[in-house]
Amino acid sequence: MTDRIVRQLIPQPAEPNQGQLFSEYAETPNVVLLGAPGAGKTHLFIEAAAKNGTRVTTRDFLNIPAFPAATTLFIDALDERRAGRGDQSTIDAVVQKLFDVQPKQLRISCRESDWLGSTDLATFQPYFSSHGGYVVLALEKLTTEEQRAVLQTQGVTNPNAFLEQAVERGLNDLLTNPQNLVMLAKSVKDKNWPRNRTELLQNATTLLLSEHNPTRARSGDGVYGADELRAPAGAVLATRLISDVGGVSLADNEAVDEYPSYRTTPFPDRDRVRAALGRRVFIGNGDEAADYTHRTTAE
């Protein structure tokens, strides 16, 4: 897939956002793209940069001395460079170098669970305001048509039958994320479909709680394995399911009753709770809060 449907978060559109293609923002000077782990941010940046621009990781952007000025610069994986959720030094360094490089246009991606909303925007604001403004976009879930396209790239000869089988087995939540769908296709190809619902849910939760990015898996929240995060994730989800709340705030303090801070979760190891909230069993809402990806998996 060379293009994807996105939802505009900031500025909020005057009309209800029906979803637009990422390519429709080609003339926008500065774009922040948010998405869940495995949602396809890097793939989209690679495809877009191949047509018009230069794609680089945040780490390489800060380490490579010079870049061509008259180009659209795609800075990928802001979250991989940050030492932690509270680390602002990376963004400070990125903004400082952007003023030096002066790219024609800027696109920057980050995991939604690591984007600090208004805090990060305030840091980027001096650059954005002096270079034509900005929009913040979120990658939408894969449509059925896009799911078929992903399965075809994995050698699935009958994508429709595959999707029907997955839905019958309650695997809907694995179909809308590209990386989840690819791994499901590979798993079925190697081992066939799970034998029963218990095996199915065990495989699904292991998949959703695992960190599949090698760079992230070496440090910070990424070092925890799926088995280490199963209990803290369960504590968060239990709180969510039995309480009248809309999700869990990723902020350190409890801002509003509807989104209590993750620090209030009844699990002693807050670092693991925070790490669990960054895995694909949870999905961000674009406002520094997370909720379960699918209720069945949560239960």
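The values are calculated or read from the model by the stated rules, or taken from the named source; none is laboratory data. Bear in mind that the values here come from a model prediction, so they are computed numbers and not experimental data. Using ideal geometry, Cβ is built from the backbone for each residue, glycine included, and neighbour counts are taken over all protein chains shown.
Any residue in the stretch 13-29 that's in the same structural domain as residue 107 (by TED's automatic domain parsing): show its pairings with residues that are part of a loop (DSSP other than H, G, I, E, B) at Cβ separation under 6 Å, as long as the two are six or more apart or on different chains.
That search, which allows pairs on different chains as well, returns 19/140; 21/3; 22/3; 22/4; 23/3; 29/131; 29/132.
Matching residues to (1) surrounded by fewer than 18 Cβ atoms within 10 Å (Cβ to Cβ); (2) assigned to a helix (DSSP H, G or I); (3) touching a Ser or Thr at 6+ places or on another chain (Cβ under 7 Å):
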{"position": "137", "(1), (2), (3)": "no, no, no"}
{"position": "148", "(1), (2), (3)": "yes, yes, no"}
{"position": "162", "(1), (2), (3)": "no, yes, no"}
{"position": "165", "(1), (2), (3)": "yes, yes, no"}
{"position": "174", "(1), (2), (3)": "no, yes, no"}
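For the stretch 106-127, name all the residues that are of a type outside the set (D, E, K, R) and within 20 Å of residue 7 (Cα to Cα). Walk me through how you get there before you give the answer.
From the stretch 106-127, those of a type outside the set (D, E, K, R) are 106, 108-110, 113, 115-119, 121-127; that's our starting set.
Residues satisfying the conditions are 106, 108, 109, 110, 113, 115, 116, 117, 118, 121.
Under the condition of being free of Cβ contacts under 8 Å to residues at least 24 places away in the same chain and over 19 Å from residue 111 (Cβ atoms), which residue from the stretch 212-237 is surrounded by the fewest Cβ atoms within 10 Å (Cβ to Cβ)?
Among residues in the stretch 212-237 that are free of Cβ contacts under 8 Å to residues at least 24 places away in the same chain and over 19 Å from residue 111 (Cβ atoms), the one surrounded by the fewest Cβ atoms within 10 Å (Cβ to Cβ) is 227.
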